[in-house]
Amino acid sequence: MGEHTKRHTIEWHDPLATAAAVKEMSGLEALRAMQRGEIPLPPMTLVMNMRLVLVEEGHVVFSGEPGEYHYNPIGSVHGGYASTIFDSALGCAVHSTLPAGDGYTTLDLHVRFIRAITHETGRVRCEARVVNAGSRIAVAEATLYDAGGKVLGHGTTSCFIFRGRG
């Protein structure tokens, strides 16, 4: 390892155990259990340094702290970081409206990058709300903010709802 080498290590719980527990609860119950630490968050949240801050029906807030290990080759946080926090918050907002036994998958994700993010940006907050939850398709939108309230980006999604997946 060279003098510029840095290290970031994570440990995680079995994601299939989390998935099995989530399947038995409504989306709102499952997300609140994750927020309280009763069910481990998916490993992705550790890799992306994100956490679930607020869970209400149809409304979810994630926070995250981008680090140098999220950088792209041009010296800023990769757009995939913002896209991931958007996809997580938007999907969980939809999940919070679902009864036990129902699931969802992202059909599309549209992200608008408004300001660059670096590790100096510090903690970011992604607030997502469901716009419409139909029987098969749900639509949600979200805004990503820095700690000072400046808008960093905006995102939308549509999700396909699986009824009775359990």
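Each value in this text was obtained by applying a stated rule to the coordinates, not by laboratory testing. Note that the structure is predicted; figures quoted are calculated from it, not measured. Glycine also receives a Cβ, built like all others from the backbone with ideal geometry; neighbour counts cover every protein chain displayed.
All other residues whose Cβ lies under 13 angstrom from that of V139 are scored, Lys and Arg at +1 and Asp and Glu at -1, for a net of 0.
The chymotrypsin sites (Phe, Trp or Tyr not before Pro) of the range 1-94 that DSSP puts in a loop, and whose beta carbon has at most 14 other beta carbons within 10 Å, are W12. Each of H8, H119 has some number of other Cβ atoms within 10 Å of its Cβ, and from fewest to most they run H8, H119. Suppose we keep just the DSSP beta bridges with both residues in the range 15-162; what percent of those would be antiparallel, to 5? Within the range 15-162, antiparallel bridges account for around 100 percent of the total.
By the gyration tensor of its Cα atoms, with a ≥ b ≥ c the square roots of the eigenvalues, what is the shape of the range 16-85: rounded for a/c under 1.5, prolate for a/b over b/c, or oblate?
It is prolate, given that a/c is not under 1.5 and a/b is the larger ratio.
Here's the picture: a label point sits 7 Å out from the Cα of R115 along the beta-carbon direction, and within the range 64-78 the residues with their amide nitrogen under 17 Å of it are 64-67, 76-78.
Given only helices, namely DSSP H runs of n ≥ 4 each adding -39500 (n - 2.57), what is the per-residue ellipticity at 222 nm of the chain, to the nearest 500 deg cm²/dmol?
-7500 deg cm²/dmol
Axis angle, to the nearest 10 degrees, between helix 79-95 and the longest C-alpha principal axis of the chain: 20 degrees.
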